[in-house]
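Data first, discussion second: the structure below is written as structure tokens.
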Amino acid sequence: MDTEKRLILCFALSMLIIFAFSWLNVKNAKDRQPALESAAPASVTDVPDQAPTQTPIIAQETPPTEAESSTAPQSAKEPAAKELASWNWLPASRPESAPQEVVVESPLYQVTFSTFGAAPVSWKLLQFKELLEDPRYLELQANRGSQTDQQLAQLELKLYNDHKDNGPHYVEAIDSLFPKGRSGFQVKWGKDRDDRNIPYNGPQDRIAVDKPTPVQFVYESDGLRIEKIYTFFPDSYHLELDIRIANRSGEEIVFGENGHYDLLWRGGFGNPSMRKDALNNLLVQEDGSTAITPVSSVVKGVGGSGPLLPEYQSSQIELSYGKHIGWIGVGQKYFLAALAPKTQTRQALKGVSTPGADLFAVVKPDVGVRMEMEPLANGATHSDKFILYVGPISEDDLVKAGEGMEEARQIFLRSIVGPIAHIMLRLLQGMYKIIPNYGLVIIMLTLLMKILMFPIYQKQIHTTKKMQALQPQINALKEKYKNDQQKLQKEQMELFRKHKVNPLSGCLTMLTTIPVFIALYATFAMAVELRGAPFFGWIQDLSAPDGAFFLPISSYIIPVNILPIAYAVLMLWSTSQQSMEGPNAAAMKILPLIFVFIFWTIASGVILYFVISIFLDVCQRLIMDKLKGDGLAPSKPAKSK
């Protein structure tokens, strides 16, 4: 193989590894719209919660004791005679009374529970503000394109106007477009007992979490008791959940075909948005392996691997068996809601849901686990424990939750790149304390990496220049021995030995830098610190494309991003400084256009790194050209002609 071709192949393979994940993410984002338009799930006709009658008073609440809970009156209307088989002792319909709300708050989160179902109806992350798509884009999209895009843009414009009038909102994990209680974390007992119909007794006031704090909800009927105990921590986004079912009825409870209950997170994560980082995914860790599935693929795949569950009043919920479930979750690029059963289960649920038929553009993933129930003897208590995490996809926070949830932060070649990415993230965070602008921090970190990698780059550039200087002699040998490939290879190797050139050393040197490149890319692409971080001028969010302006063309809207164009110009300038002939020169001229396409939808923080990196490469090459020659004696090539 020709030397030039080897160099081009080396370069192409190296860049392919770096950008493979970027291309896959862009492809998954583009797959979303056709799937949403072709498969609109059936709406669910659940009854929403009623509004609370009064605002809770701010006070520390101590969970009620068992004695206090057992004497509390029941608000549900129970029949005079009730069969205590299966889940029949639970109410089948919602009481007429209005639910109360219980607010649990720490510096990290504010969780609002409804006493109907003892489940959260709001989950705000107090360290993060909700981000929306550029209003210029939304105003253009609201009147053009597909009906799905138009509806999404119109919905997000309403949110934008609300932000403008009332100030930015905190990130809300539970989609507010769904009727209250229809989305977020919930439980279903057997096939026909909805937890949202059950009036639990619980604390009455606002609870401040300044230490590990249990929040207990209790329901009792005919000697049977359900307890939900949520234990919150002040410095972590995860909580522990203990579900206990106690039988003091005087007889054994046999569940039969209803011998299970389901824990789910429905309605995806967050409010709908046209931002690429707000697209929802479904995550399942089975047998230690974590799979991330975009909602568009969930829509296409539902019904393909397990039985559909009609008890969810939708054909979009299925059950799969067989593998040990580590944890399940729904999330965006930067946030995750996940549930990890401490009690082993091999049954996972997945599906999609929508707020209603009129909001056909909003399709969110559902995910859950099914827990088995054995017959419950009189005097016995069944207990299952879970970890629930609702927070940022930050490795430090996910490690606190345990259960392998840090795998939600997908890093290519994690075992090799992960430790390097961890160091890069620490550098990013540490430098921000000195330079409070993440754009400048990215520039300084890129410069630091270039200084550390300078010896490797210097060797690679020096080898490349030597190969370019030898090219006339290599061409002469090709012409002389064009009919004797064995002799040609021998003479080429002798030429390389004579001038102390290893044609593969430049490629091998470059390959050693790839883990560092991937680590930098992973850091800038996934660091939640860059979410909403401004740089200067038109770059006001380093986690999104820079979007200088937008061009409406017919039914399309084309964002114009300056940074990818700047990278292409610098790359073209860099290749123009190198002497190349034949088809390789034409290929290097086309390459910048390919990178413009790859970079067009990538976050501006990532592109800023590549722009600064190639600019420093050009400067380094120019300096080396002035300080050193090509490393070959000028008389040697002349004599070989």
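Remark: residue 323 matches the filter, which requires a residue to be in contact with a strand residue (DSSP E or B) (Cβ under 7 Å, 6 or more places away or on another chain), open to solvent by 20 Å² or more (accessible area, probe 1.4 Å), farther than 30 Å from residue 160 by Cβ and charged (D, E, K, R). In the range 103-132, the residue that is most open to solvent (accessible area, probe 1.4 Å) out of those that are assigned to a loop (DSSP other than H, G, I, E, B) and touching a helix residue (DSSP H, G or I) at 6+ places or on another chain (Cβ under 6 Å) is 132. For the range 228-246, the set of residues classified as open to solvent by 10 Å² or more (accessible area, probe 1.4 Å), of a type outside the set (A, V, I, L, M) and closer than 18 Å to residue 185 by Cβ consists of 231, 233, 237, 238, 240, 242, 244, listed by residue number. Residue count for the range 448-475, restricted to those that are surrounded by fewer than 16 Cβ atoms within 10 Å (Cβ to Cβ) and touching a Pro at 6+ places or on another chain (Cβ under 8 Å): 1. The residues listed here are 403, 374; of these, the one that is at pLDDT below 95 and farther than 24 Å from residue 418 by Cβ is 374. When you scan the range 459-497, how many residues do you find that are over 37 Å from the mean Cα position of the chain (by Cα) and closer than 27 Å to residue 523 by Cα? Within the range 459-497, residues that are over 37 Å from the mean Cα position of the chain (by Cα) and closer than 27 Å to residue 523 by Cα number 2. Is there a residue being touching a residue at least 40 places away in the same chain (Cβ under 8 Å), over 17 Å from residue 268 (Cβ atoms), open to solvent by 20 Å² or more (accessible area, probe 1.4 Å) and among the small types (Gly, Ala, Ser) anywhere in the range 133-148? Yes, there is a match, as at least one residue in the range 133-148 is touching a residue at least 40 places away in the same chain (Cβ under 8 Å), over 17 Å from residue 268 (Cβ atoms), open to solvent by 20 Å² or more (accessible area, probe 1.4 Å) and among the small types (Gly, Ala, Ser).
Considering (1) assigned to a loop (DSSP other than H, G, I, E, B); (2) at pLDDT 80 or above; (3) open to solvent by less than 30 Å² (accessible area, probe 1.4 Å), the lone condition that residue 605 does not fulfil carries the number (1). One residue stands out among those in the range 188-213 that are in a strand (DSSP E or B) and among the polar types (S, T, N, Q): the one that is most open to solvent (accessible area, probe 1.4 Å), which is 201. In the range 387-405, what residues are within 19 Å of residue 277 (Cβ to Cβ), assigned to a helix (DSSP H, G or I) and open to solvent by 10 Å² or more (accessible area, probe 1.4 Å)? 395, 397 - these are the residues of the range 387-405 that are within 19 Å of residue 277 (Cβ to Cβ), assigned to a helix (DSSP H, G or I) and open to solvent by 10 Å² or more (accessible area, probe 1.4 Å). For the range 353-384, the candidate set comprises residues that are more than 26 Å from the chain's Cα centre (by Cα) and in a loop (DSSP other than H, G, I, E, B); within that set, the residue that is nearest to residue 342 (Cα to Cα) is 373.
Scan the range 278-292 residue by residue and report those that are buried (at least 17 other Cβ atoms within 10 Å of the Cβ), of a type outside the set (A, V, I, L, M, F, W, C) and either farther than 22 Å from residue 360 by Cβ or at pLDDT below 90 (or both). Within the range 278-292, 285, 286, 290 meet the criteria. Residues that are touching a residue at least 12 places away in the same chain (Cβ under 8 Å) and open to solvent by 60 Å² or more (accessible area, probe 1.4 Å) within the range 408-422 comprise 410, 412, 413, 416, 422, listed in sequence order.
Let's see how each residue does on (1) open to solvent by less than 10 Å² (accessible area, probe 1.4 Å); (2) modelled with pLDDT of 90 or more; (3) assigned to a loop (DSSP other than H, G, I, E, B):
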position	(1), (2), (3)
160	no, yes, no
177	no, yes, yes
186	no, yes, no
215	yes, yes, no
264	yes, yes, no
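Among the residues of the range 229-236, is any of a type in the set (Gly, Ala, Ser) and in a helix (DSSP H, G or I)? Within the range 229-236, none of the residues are of a type in the set (Gly, Ala, Ser) and in a helix (DSSP H, G or I). When the helices (runs of 4 or more DSSP H) confined to the range 432-537 are screened for residues that are farther than 30 Å from residue 335 by Cα and polar (S, T, N, Q), those reaching at least 3 such residues are found at 454-480, 485-498, 505-512. Checked against (1) closer than 30 Å to residue 158 by Cβ; (2) open to solvent by 10 Å² or more (accessible area, probe 1.4 Å); (3) assigned to a loop (DSSP other than H, G, I, E, B), residue 300 passes all but condition (3).
Checking each residue of the range 266-274 against the condition of being closer than 30 Å to residue 150 by Cα, charged (D, E, K, R) and in contact (Cβ under 8 Å) with a residue 60 or more places away in the chain gives at least one match. Look at (1) buried (at least 21 other Cβ atoms within 10 Å of the Cβ); (2) under 29 Å from residue 87 (Cα atoms); (3) touching a Pro at 6+ places or on another chain (Cβ under 6 Å) and you find that residue 182 fails only one, number (3). Open to solvent by 10 Å² or more (accessible area, probe 1.4 Å), under 21 Å from residue 125 (Cα atoms) and among the basic types (Lys, Arg), is that true of residue 350? Taking the combined requirement at face value, the residue does not satisfy it. Looking across the range 551-579, the residues that are within 19 Å of residue 274 (Cβ to Cβ), surrounded by fewer than 16 Cβ atoms within 10 Å (Cβ to Cβ) and not small (Gly, Ala, Ser) come down to 551, 552, 553, 556, 558, 560.
The values are calculated or read from the model by the stated rules, or taken from the named source; none is laboratory data. Because the structure is a prediction, the values reported are computed rather than measured. Glycine also receives a Cβ, built like all others from the backbone with ideal geometry; neighbour counts cover every protein chain displayed. Side chains included, ligands, DNA and RNA excluded: accessible areas come from the protein's heavy atoms. Shrake-Rupley method; radii C 1.70, N 1.55, O 1.52, S 1.80 Å.
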